[in-house]
Structures are given as C-alpha cells and as structure tokens.
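To start, the structure under review is shown below, and the notes come after it.
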Amino acid sequence: MSGEVCVQALQRLRQTGSFTRLVENKYKGGPSKRIVVDFSSPNIAKQFHIGNLRSTLIGRYVDQVNRVMGNQVTSVNYLGDWGTQFAMIAAFWPQMKPSDQYWNSLSEVEKIKQLTDCYVVANKNMKLDEEFRAKVYETFVSMEKAVTEGNYENDENMKLWSQIRQISKEHLTGFYNTFDVKFDEWLCESSQVRKAHQYAQELIDKGFTEDLDGRTIIRLKDGETEKKKLDGVNYAILRKSDMSSLYLTREIAAILHRDATFQADRYLYVVDRAQRPHFNALKVVLEKLGRSDLAEKIEHVQYGRVRGLSTRNGRTEAVGEIVERGRELALQFMKSSKTFCMDPSVEEDIADVLSISTIVFNELKRARNSEYEFSFQNAFALNQNNALALQMKHSRLSSIEDKNQHLLPLVDSCTKFPVDDTNDDVKRLMRLLKDLEESVELSAQKLEACQLTVQLIHVAAAAGSVQKQLRVKDQRDEIAVPRLLLFSAVRNVLAEGLKLLGMTPARSM
Ligand code: ARG
C-alpha cells in the first residue's frame with residue numbers, strides 16, 4: 001500500500017459523515033429499496049422489559065444501516081395496545097383501584113407498576129375463577145365492539161384503556177429519549193380490530209377456515225407452525241369462540257394496511273425468535289388471501305433471549321433500573337481508573353454516556369440469534385471487548401487532537417505519510433480501516449450489527465498499538481502532522497461507527 005493512497009483515504013475518513021458516505025457513494029444510483037422496519041413494538045400496560053430493549057436496539061441498527069446503504073426506510077413502532085390483557089385489567093381494576101388522590105400522586109412508572117400488578121393478579125384469577133374468566137371474555141367482546149365502532153367516550157372500560165395507553169406512551173417516550181431512538185410512525189394493534197374481523201370473515205367466506213370448538217382456525221402444514229397441534233393437525237386461530245380477534249388476525253390487517261400505505265419492497269419485523277410460528281402463519285394466511293407477493297416480502301428478523309439480567313427487586317423487566325445500575329458502575333469505574341481526570345461537572349454526563357453505550361454495545365456485539373447471559377461485570381471490565389474499549393480509545397484519540405489543535409489546519413493539506421512510519425502495525429491498521437466498509441455492507445446484508453462491532457474493536461485495538469509507537473508530541477511538523485492525520489481519521493471512524501450503532505461518542509474523559 002503506497003503512502004499516497006493511504007493519505008487520501010485518511011483524508012476522506014476524517015470528514016464528518018465520511019464513513020457512511022463511503023458506502024453511500026458506492027451504492028449511489030444502485031437499486032434503492034423501500035423498507036419498512038417494525039421494531040421495539042412493546043405491549044403496553046406492561047413494564048418495558050429486556051426483550052423489548054433488544055428489539056429496540058437491534059431494530060434501530062437495522063433501520064440506520066439500511067439508510068446508510070441508500071434505502072428508503074420507514075421505522076415503525078407497532079404498539080401492542082390490544083388484547084385480552086386489557087380486559088383482564090379492566091375487569092379486575094375496580095377491586096384494586098386506589099383512591100383518586102393516591103392515584104394522581106403517582107408517577108407514570110408507578111402507575112404502570114400498579115396496573116401491571118393488577119394484570120398479574122387478574123391473570124392468576126383467570127386460571128382459578130371461572131366466573132371471573134367469563135367476565136373477562138365478556139368485557140373484551142364489549143371492548144372490541146366499542147373500539148370497532150369508535151365512539152366510546154362513556155365506556156368505563158375504554159376510558160381506563162385510553163388512560164393506560166396514554167401513561168404507557170409517555171413512559172415509553174421517556175425511555176426512547178434516553179436511548180435516542182426515533183420512529184417515523186407509531187402504529188397500533190387497536191386500530192386494526194375492525195379490519196381484522198373483516199379479513200377473518202373473508203377467509204371464512206372463501207372456505208379456508210375450519211371450526212374447532214367454536215374457534216375459527218386455519219390449517220397449516222407441518223413446519224409452518226410449531227405450537228398449536230391437535231390430532232396431528234397444525235393450525236392457527238383466527239377468531240375465538242366469543243368472536244374476538246387475536247394477535248394474528250390483527251397482524252393480517254396491519255400488514256395489508258402497511259402495504260397499502262408504504263408499498264415497500266421489504267417488510268422487516270425485529271421480533272423475538274419465539275414468534276417464528278406467528279410470522280409463518282401470517283405468510284400462509286396472506287397466500288390464501290391471494291397475496292403471495294406480499295408474503296414473500298415479509299422477513300422475520302429474529303433474535304435470541306437474554307438471560308441473567310435480574311434487577312434488585314427480582315423483576316427481570318425494568319430497563320430503567322438497568323440503566324441506573326450501569327450508571328453507578330460507570331461512576332465507580334471512572335473513580336477507580338487512573339487514566340480518568342475529568343471535570344466533576346461533566347462526570348455525571350459521561351457516566352450516562354458510558355452506561356447507555358455499554359447496554360447498547362452488549363446487545364449488538366454478538367450474533368442476533370445467540371442467547372446470552374448478561375453480566376455487568378464483563379460489560380465494565382477493562383480487558384473485555386466492550387463499549388468501554390471503544391469509548392476509551394475514541395476519547396484518547398480525541399485528546400491527542402485537542403492537545404495538538406495548532407497542527408489541525410496543517411493536517412488538511414497533508415499529502416504524504418513518512419515511509420519510516422509505515423511499519424507493519426500501521427499497515428495492519430490501514431487494512432482494517434479499509435475492510436470497515438465491507439463490514440458495514442455485510443452487516444447490512446445479514447442484518448447483523450456484530451459484523452461492525454467486531455471490526456470496530458479490531459480497529460481500536462490496532463490504533464492502540466500504533467499510538468504507542470508514533471508520538472505526535474515534540475515531533476517535527478513533517479512527522480507530527482501525518483501522524484495526527486492518521487489518529488484523527490481513526491477517531492472519526494470510531495465516532496461514526498459508534499453513532500451508527502446508536503451510541504454517543506465520548507470526547508476527552
Ligand atoms: N407486541 C409484540 C410483543 O411484545 C411484538 C410485536 C412485534 N411486531 C409485530 N408487528 N408483530 O410480543
């Protein structure tokens with residue numbers, strides 16, 4: 001690799017947006033696709049749990065990397081705001097409802113906690129108490145009618161439902177702000193109920209369904225679904241015996257609505273792999289409806305479960321607590337580390353950045369489908385491949401830039417890299433930088449963030465060894481300037497990579 005080529009590449013890599021632009025340029029004029037990515041999509045009235053977090057972070061990356069590749073992406077948060085669980089809460093709430101005064105004094109999270117508790121008790125009762133069960137079904141049927149007809153101002157159950165929805169949305173917005181996640185669209189299950197019934201009826205009328213104990217089912221072939229099997233027959237339920245809709249029925253309506261709205265080439269769903277049968281059933285139904293074309297565009301971007309992430313009060317779900325714990329560990333780490341010397345006024349902000357990026361990186365550093373055991377200890381251990389490794393390197397390179405501000409104008413016009421400096425470590429670093437572009441492409445193809453995270457870790461490590469050999473301080477300009485160019489390019493590449501993955505690069509710490 002000649003010195004000159006090196007320098008041009010480094011100059012490009014140093015520019016803001018360069019990293020993404022490299023890929024963009026390559027694909028300019030190429031086949032841009034319309035892509036709709038459904039991610040996060042939590043069930044409301046439940047606390048946002050680690051599975052939702054995983055979908056949120058993987059989904060956001062899938063969204064961003066596709067934009068970088070020049071595709072037209074629409075990100076969708078499909079709220080799980082419908083289902084029997086709301087009828088359970090509504091039916092049991094009168095027994096658990098606190099006084100208005102107490103209720104109004106609660107924060108959103110506390111309110112959700114109360115409602116979740118109500119759901120937990122109601123759920124237990126469903127199994128034990130036949131009368132209560134009947135009441136829940138009846139409640140749900142009346143709610144489906146209300147939401148279908150659309151005028152429910154005076155309906156007590158629907159009032160509670162609207163309230164739950166409102167509180168949950170506010171709580172979620174706070175969470176998305178913490179992780180800086182944005183959606184183009186917030187869609188929801190509840191708006192699909194009417195259409196869901198219409199499509200179920202169409203399938204019945206066309207003779208594609210069967211009756212199973214009053215439920216309307218659709219037969220599937222072996223392998224199309226895993227869970228529901230009766231007398232050797234695979235099936236999915238489209239309508240319950242009380243005529244109410246299901247997750248699948250609403251999904252059918254939702255995808256047809258999505259397709260009419262966005263006319264995309266690909267519909268991606270970043271959802272737990274446990275839902276494979278659900279998406280298989282969806283495709284089968286679409287084929288029956290004469291929409292094989294649409295079935296083919298659906299891709300279930302699945303991921304494995306996270307184990308071992310329990311929080312203090314024994315719940316595994318509260319992401320807020322995890323962020324808080326990460327913050328404490330980040331502060332501890334910063335206090336115990338000798339390399340940190342920072343202004344106490346920014347300490348808290350940096351702890352936030354480190355906590356969030358540790359969580360994000362952990363979700364993105366391994367293959368989507370792998371199940372893993374979360375460990376805060378590893379996440380904050382210095383010898384591990386983690387967010388700290390990247391952030392520390394980024395910060396270290398930033399301070400080299402900061403300390404050599406006076407040379408930065410000269411870096412812009414630097415055209416030569418000293419031959420004496422082009423040692424094996426530098427060459428290796430250059431190769432890694434070059435491969436980065438391919439890593440992004442591969443990662444977009446496979447929808448695997450780890451292709452990028454792993455490569456960034458290699459770059460950071462390689463830059464570490466180069467940085468120990470090539471000092472900028474007290475060198476003649478002909479030597480100092482090209483070295484600074486190299487470090488500045490690496491710093492920018494790390495920053496761009498961190499941002500693409502959804503992290504805020506930490507400057508000098
Ligand atoms: N709300 C569902 C859940 O929490 C996930 C929804 C995923 N998106 C979809 N279109 N099905 O399990």
Residues within the stretch 51-107 that are without any contact (Cβ under 8 Å) to a residue 12 or more places away in the chain and β-branched (Val, Ile, Thr), tallied: 0
In the stretch 428-458, residue nearest to Glu478 (Cα to Cα) [restricted to those that are in a helix (DSSP H, G or I) and in contact with a Ser or Thr (Cβ under 7 Å, 6 or more places away or on another chain)]: Gln455
Wholly within the stretch 356-427, helices (runs of 4 or more DSSP H) carrying at least 1 residues that are more than 16 Å from Leu485 (Cα to Cα): 376-379, 387-403
Pair list, Cβ < 6 Å and 6+ apart or interchain, from the stretch 122-138 residues that are free of Cβ contacts under 8 Å to residues at least 60 places away in the same chain to residues that are hydrophobic (A, V, I, L, M, F, W, C): Ala122/Met88; Ala122/Phe92; Asn125/Phe132; Arg133/Met126; Lys135/Ala91; Val136/Ala87; Val136/Met88; Val136/Ala91
Residue check for Lys159: in contact with a strand residue (DSSP E or B) (Cβ under 9 Å, 6 or more places away or on another chain), surrounded by fewer than 18 Cβ atoms within 10 Å (Cβ to Cβ) and within 17 Å of Phe86 (Cα to Cα): no
Search result, residues across the stretch 145-167 that are part of a loop (DSSP other than H, G, I, E, B) and modelled with pLDDT of 90 or more: Asp155
Near pairs, Cβ below 7 angstrom, 6+ apart or cross-chain, from the stretch 248-277 (more than 20 Å from Leu53 (Cα to Cα)) to any residue that is within 11 Å of the ligand (Cβ to nearest atom) and of a type in the set (Phe, Trp, Tyr): Arg250/Trp82; Ala254/Tyr78; Ile255/Tyr267; Arg258/Tyr267
Answer residue from the stretch 252-282, given it is surrounded by fewer than 19 Cβ atoms within 10 Å (Cβ to Cβ) and of a type in the set (D, E, K, R) and is farthest from the ligand (Cβ to nearest atom) among those: Asp265
Scope the stretch 278-292; condition more than 12 Å from Ala200 (Cα to Cα) and under 28 Å from the mean Cα position of the chain (by Cα); matching residues: His278, Phe279, Asn280, Ala281, Leu282, Lys283, Val284
Per-region count, the stretch 178-220, residues in a loop (DSSP other than H, G, I, E, B) and either exposed (fewer than 15 other Cβ atoms within 10 Å of the Cβ) or not hydrophobic (A, V, I, L, M, F, W, C) (or both): 7
Candidate set from the stretch 37-71 (those that are out of contact with any strand residue (DSSP E or B) (no Cβ under 7 Å at 6 or more places or on another chain) and of a type in the set (D, E, K, R)); member that is nearest to the ligand (Cβ to nearest atom): Lys46
Residue among Asp211, Asp231, Asp242, Asp184 that is at positive phi and either modelled with pLDDT of 90 or more or not small (Gly, Ala, Ser) (or both): Asp231
Qualifying residue in the stretch 93-111 (condition: closer than 27 Å to Glu251 by Cβ and either among the aromatic types (Phe, Trp, Tyr) or outside any helix (DSSP H, G or I) (or both)): no
Subset of the stretch 283-300 [in contact (Cβ under 8 Å) with a residue 60 or more places away in the chain, among the basic types (Lys, Arg) and within 14 Å of the ligand (Cβ to nearest atom)]: none
Selection status of Phe92, more than 16 Å from the ligand (Cβ to nearest atom) and surrounded by 19 or more Cβ atoms within 10 Å (Cβ to Cβ): yes
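The values are calculated or read from the model by the stated rules, or taken from the named source; none is laboratory data. This is a predicted model, so every value here is computed, not measured. All Cβ positions, glycine included, derive from the backbone under ideal geometry; neighbour counts span all protein chains shown.
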